[in-house]
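The values are calculated or read from the model by the stated rules, or taken from the named source; none is laboratory data. Treat the numbers as computed from the prediction; the structure is a model and nothing was measured. Virtual Cβ from ideal backbone geometry, glycine too; neighbours counted across all protein chains shown.
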Amino acid sequence: MQWMWHLFWIIPVFGGSISAGLKALGDANERRAERAQERYRLKQEVRLAEVQAKTGAADRSEAREREVRQLLAQHQQVTDSWAAYELDPVRLLEYPVMADVREPLVAELHRAMLAADGLRPAHAGDLVTRDEVSEYRDAVHHLSTAFAAAESEALRRGWADFDDRAQGRISRAQKLFGVAADPAATVAERQQAVARARDEISGLIVLPRRTAAAIERRVAGELER
């Protein structure tokens, strides 16, 4: 045991170096821990950013689809409003301006319908870019405005563009088209009513092709029964 006493002289000589070494080792370990924590923090921030980006993209996609669904509904509403004239000759003859494609407002309506129909997606999710949505939005808004302008003009003018004799012919044609749509009328009566109605408006009003086709389908449908 006496030999151990000889080692005590080492402590004063190397004690400071040992202490400094232990401190340096502790500092190094602390720096490694801090770097590890920093790396972990950065990874967490990256993961959070990725999650936020995915969530943001999903939110934007959902908002885009929601807007497109609203535009589709607006588009369909205008289409149905136009069909109320186009497929009903009695209503169309009440406001004949709507049948006159020579009228600037009506011509613009038809151009707007063609443009909007050409951009109309089959499903709301089919439009995936802001430019596509913006283009369709502009087309639908233009269509709505064009229809409102044409209808307003048609309601304002009514039969004012026709003299009394022409107005009488239009009125008789309305009644005859009403007979053609009456399920209580016989096939012969409906066919005769359509022919006479066409004669009444000949030279006054040209029915749109879809209006004429709707009349023929109605009569043909009765003939098939």
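Could you grab me the full set of residues in region 65-85 that are more than 20 Å from ARG137 (Cβ to Cβ) and surrounded by fewer than 20 Cβ atoms within 10 Å (Cβ to Cβ)? Can you show your working first?
At the first step, the residues of region 65-85 found to be more than 20 Å from ARG137 (Cβ to Cβ) are 83-85.
Within region 65-85, ALA83, ALA84 meet the criteria.
Test VAL97 against the criterion of being in contact (Cβ under 8 Å) with a residue 60 or more places away in the chain, assigned to a helix (DSSP H, G or I) and crowded, with 18+ Cβ neighbours inside 10 Å, and give yes or no.
Details: in contact (Cβ under 8 Å) with a residue 60 or more places away in the chain: yes; assigned to a helix (DSSP H, G or I): yes; crowded, with 18+ Cβ neighbours inside 10 Å: yes.
Spelling it out, VAL97 is indeed in contact (Cβ under 8 Å) with a residue 60 or more places away in the chain, assigned to a helix (DSSP H, G or I) and crowded, with 18+ Cβ neighbours inside 10 Å.
Can you pull out every residue in region 141-156 that is out of contact with any Ser or Thr (no Cβ under 8 Å at 6 or more places or on another chain), among the charged types (D, E, K, R) and surrounded by 14 or more Cβ atoms within 10 Å (Cβ to Cβ)? Reasoning before the result, please.
Filtering region 141-156 for residues out of contact with any Ser or Thr (no Cβ under 8 Å at 6 or more places or on another chain) gives 141-146, 148-150, 152-156.
Add one more test, that the residue is among the charged types (D, E, K, R), and what stays is 153, 156.
Of everything in region 141-156, just one residue is out of contact with any Ser or Thr (no Cβ under 8 Å at 6 or more places or on another chain), among the charged types (D, E, K, R) and surrounded by 14 or more Cβ atoms within 10 Å (Cβ to Cβ), namely GLU153.
Name the single residue that is surrounded by the fewest Cβ atoms within 10 Å (Cβ to Cβ) among those in region 100-125 being in a helix (DSSP H, G or I) and at pLDDT below 95.
GLY125
Table: residues versus (1) closer than 21 Å to ASP80 by Cα; (2) in contact with a Leu (Cβ under 6 Å, 6 or more places away or on another chain).
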{"site": "ALA122", "(1), (2)": "yes, no"}
{"site": "ALA139", "(1), (2)": "yes, yes"}
{"site": "PHE147", "(1), (2)": "yes, yes"}
{"site": "ALA160", "(1), (2)": "no, no"}
{"site": "ASP163", "(1), (2)": "no, no"}
{"site": "GLN167", "(1), (2)": "no, no"}
{"site": "ILE170", "(1), (2)": "no, yes"}
{"site": "ALA181", "(1), (2)": "yes, no"}
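Let's see how each residue does on (1) surrounded by fewer than 17 Cβ atoms within 10 Å (Cβ to Cβ); (2) hydroxyl-bearing (Ser, Thr, Tyr); (3) free of Cβ contacts under 8 Å to residues at least 12 places away in the same chain:
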residue	(1), (2), (3)
GLY158	yes, no, no
ARG169	no, no, no
LEU176	no, no, no
GLU189	yes, no, yes
ALA195	yes, no, yes
GLU200	no, no, no
ALA214	no, no, no
